[in-house]
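Visitor: Sharing a structure, written as structure tokens. Questions coming.
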Amino acid sequence: MLEGDHGGPGAVLELVKRLRCEIKLPRSMADYFQDVDAVGAIVEDKRRFARRTLHSLGALEHRPTFAALPRTVEWHKIYTKDVSRGGLAFLHSCQLFPLERMRMLLPDPAFQAVLPPTCQCVVEVARCQRLAPNCFEIGATFVERLAS
Amino acid sequence: MPATDDASTISKASPDLIPVSIESLRALIDFLQVDLYIEQERSKALILYRDRAHPVKQSDLDRLAQRGTKTLYLSLADRDGSHQTIADKVCRNERLAPERRFRVLHDFGRTAFHRVLGDSSLDAFVGMANGLAQRMTGLICRGDVVVQDLLGLLDYDNQLYTHSLNVAACSLLLAQGLGIRDPGELQSLAVGALLHDVGKRHVVLSILKKPGPLNARQRKEIQNHPTTGFRDLMRRGELSWPQAMMVYQHHERCDGSGYPVGVVGDEIHPWARLCAVADVYCALTSDTPYRKQKPVHQALDILDDEAEASLDKEMVRCWKAITAARAPSLSS
Ligand SMILES: [Fe+2]
Ligand SMILES: [Fe+2]
């Protein structure tokens, strides 16, 4: 569904929106996407790259990284949380493990500041935290920018 | 032939010396001719106690035990070769009582563990764990070591290597209690248990051994060890998924209060839940830098309380049944 040329980030974003969402936001995060005041705010500037809040949509392609952990190859809708030049934090419906590498689509134009000129990248999972059933916060680093 | 000259004094840090308990030596002396060293009371230097031409006798060991000597040092530069060979000889020696064989394995395993701990290569660490797990599983699987003996043999100093050996031994017993019989599976489980705290290699000793409570930064550093251990081992690519989960999830708790992820119930791999029970039990019954060891009955009560919320209830029940036979003598 998300392979090939779709006519730019705008069209990809429409496709991402149509993916089924398995994430169940806890009640405390019910207005996740209405939290407009937080958008663009610097959440941490002590790291190597400053992180900025960016509550938006993305897609993650599950792929096997470890021989011992089978992963069905398929796309999942994710919610991005914040982003820096080095990586991002996002919400996902299931647990991912450190070192897992997966393809990600970030079609929101706001990501162009960190991923020019593409909205595709490969990320590597660094950490994972369970927030609620079917809601995990995952920190990942960008390991490759892919051509659109 | 006790030695007194300086030429026979040797540094305790020498990599060729293995500390062996007097009890282990009782099992070894019949077929092992090696140079033995003893620690001098005042200077703490090691001096030659018996050379291989004058082997130590049981009566010598009795005398040493009466004097309060607990350990002699065995020279690896001897013709008997590496400690692995010695451990193999001992494990195969059917003439020796099983608990004696296990005691020797424990002593030698501790030394092997200690050596590779400082080794930057993880290969050495994993190789050691594999060899040790194979011998350990062999002894426990054949039913040679009975539970009471094994529990009595565990060391209680909570050094990382001893702790890992203890957790591996307890994990094997618990796995058997839960009905796992396949020797290959048990061995694999023992390797995972021996490696469960491998990430602590990255934590500075001043934090690991800090006698008081940890501050937030120090706690974070310690709590990183399941993740760093998992990353290190997965990069090598040899571990099975259940073994990897023992390393990554052994501090997760069924109610979500654990780390690193905070997963709950069935989200935690069964081998990790098993390792958690063994880990908590071994931690409670050992001295830590900030807490004295608890008697077995008290440790079991605490385990029971934890089982209410955070540990696997069925596994705790099984562990209590395994230790029950020994509890009366310890609760006095
Ligand atoms: Fe641990
Ligand atoms: Fe541990």
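Visitor: Go through the stretch B:63-72 residue by residue and turn each phi into a ³J(HN,Hα) via Karplus (6.51, -1.76, 1.60, θ = phi - 60°); whole Hz please, and just put x for glycine and proline.
Guide: 4, 4, 4, 4, 6, x, 6, 9, 9, 10
Visitor: Give B:Lys44/B:Lys70; A:Lys24/A:Lys77; B:Lys200/B:Lys220; B:Lys70/B:Lys294 a once-over and call out the pairs whose C-alpha atoms are over 19 Å from each other. Show your work: numbers first, answer last.
Guide: Working: B:Lys44/B:Lys70 14 Å; A:Lys24/A:Lys77 12 Å; B:Lys200/B:Lys220 12 Å; B:Lys70/B:Lys294 23 Å.
Listed pairs above 19 Å: B:Lys70/B:Lys294.
Visitor: Sticking with this structure for a sec: I need the phi-derived Karplus couplings for the stretch B:161-171: 6.51 cos²θ - 1.76 cosθ + 1.60, θ = phi - 60°, integer Hz, Gly and Pro marked x.
Guide: 5, 5, 4, 5, 5, 5, 5, 5, 5, 5, 4
Visitor: Would you mind giving the average projected area, over all directions, of the Cα convex hull of the stretch B:167-230 in nm² with one decimal? The partial results should precede the final answer.
Guide: Working: hull surface 21.2 nm².
Computed as one quarter of the Cα hull surface, the answer is 5.3 nm².
Visitor: Okay, next question. I want to verify the translational diffusion coefficient of the stretch A:9-146 in µm²/s; compute it with Stokes-Einstein, Rh as the Kirkwood radius over Cα pairs, at 20 °C and 1.002 mPa s. Write down the numbers at each step before the final one.
Guide: Values: Rh = 15.1 Å.
The diffusion coefficient I find is 142 µm²/s.
Visitor: Tell me which lysines have Cα within less than 19 Å of B:Lys292's Cα, excluding those fewer than 8 residues away on the same chain?
Guide: Candidates past the 8-residue exclusion: B:Lys209, B:Lys210.
Visitor: Which cross-chain or sequence-distant (5 or more) residues have an amide H under 5 Å from the amide H of B:Leu17, H modelled 1.01 Å from N in plane?
Guide: B:Leu76
Visitor: Related question: Going by how many other Cβ atoms sit within 10 Å of their own, how do B:Leu36, B:Leu173 line up, fewest first?
Guide: On the way: B:Leu36 25, B:Leu173 20.
Placing the least packed residue first, the sequence is B:Leu173, B:Leu36.
Visitor: Can you give the mean number of other chain Cβ atoms that lie within 10 Å of the Cβ atoms in peptide B:260-271?
Guide: Working: counts 5, 10, 6, 5, 2, 0, 0, 4, 0, 0, 0, 0.
Counting Cβ atoms of other protein chains within 10 Å of each residue's Cβ and averaging gives 3.
Visitor: Can you sort A:Leu106, B:Leu160, B:Leu25 by how many other beta carbons sit within 10 Å, fewest first? Walk me through the intermediate numbers first.
Guide: Details: A:Leu106 31, B:Leu160 17, B:Leu25 23.
Neighbour counts put them in this order, fewest first: B:Leu160, B:Leu25, A:Leu106.
Visitor: To continue, here is another question. Under the definition of partner shielding as Cβ atoms of other protein chains within 10 Å of a residue Cβ, what is the mean value for peptide A:93-100?
Guide: Values: counts 0, 1, 4, 1, 9, 8, 5, 1.
Shielding by partners across A:93-100 averages 4.
Read the figures in this text as sums done on the coordinates, not as results from a lab. These numbers come from a predicted model, not from an experiment. When we count neighbours, we look across all protein chains shown, and the Cβ atoms used for this are built from the backbone with ideal geometry, even at glycine.
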